[in-house]
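All of the numbers you see were taken from the coordinates with simple rules; none came from a lab. Keep in mind that what you see is a predicted model, and the values were worked out from it rather than measured. Heads up, the Cβs are rebuilt from the backbone with ideal geometry, glycines too, and the neighbour counts pull from every protein chain shown.
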Amino acid sequence: MVANGGGVPDLSAFLSGHHGDGVGELPGIASRLSSLRELGVDAIWLSPIYPSPMADFGYDVSDYCAVHPQFGTLADLVNSLKIGFRQRADQRFERYKANDGRDLTELVKAIQNATIFDGGRIREQIAAQNAVQEQAVSSYESKILTALEEVENALVAFENNRQRLDSLNQAASAADNAFELARNQYSAGLIDFQRVLDTQRTALTVQDNIATTQGDRLTALVQLYKALGGGWTPENNVSTGKNTA
């Protein structure tokens, strides 16, 4: 073999065919591909094989859709490619069997039932969809727990304010009775007017606490309604379909 100017082995004579002129041609390539395979050659670089005046070593192509008669015909090119593809496939099968130990029929079944070159794309898509689904479920569960917490807090606040209001109402009744008794005692001259003022102040304080607790109870009711997913549109706006600024 002779090396060309770029240091690449020149296989022209080795690949020459029936012409006997030492010029590599397509039939010669096809007849010696198995020998090249045994030598460990994985690829062959071809100079231009198109019709050409050969003024520039074949690079002055005149027809990209034909083969120069010196190198063969289109049929020779197709035949060479078929043989090369077949031997390349055989080489891949042999490597597969040597590295994996599986029978060839199993490989054929795998080719028929799956995409060879998906690079795990399908598995990655499934994993991504599973991750999206798990994230959605987790977000849904978090929102449900938050909603339940808000409902429970509103219920507790509403119940606590109800109990406090009941106690304050009892205290208000007692304070009113104490104020009325103090007035009677003052009228009878049994106590001074300061005792009357003290009992009246106590009764007014209880009434103030009742008003505050009633406001807190209504606020808790609004929070409960909101936590349950409701709104608080006034009835007059609902009936008229108008919104107030």
Computed label-point distance, nm, for sites Val78 and Ile44 using a 7 Å Cα→Cβ extension: 1.9 nm
Asn153 paired with Thr219, simple spin-label distance in nm, labels 7 Å along Cα-to-beta-carbon: 1.3 nm
Pair Arg37, Ser187: separation of 7 Å Cα→Cβ label points (nm): 12.6 nm
Computed over the range 145-240: relative contact order in percent, which uses C-alpha pairs under 8 Å that are six or more apart: 45 percent
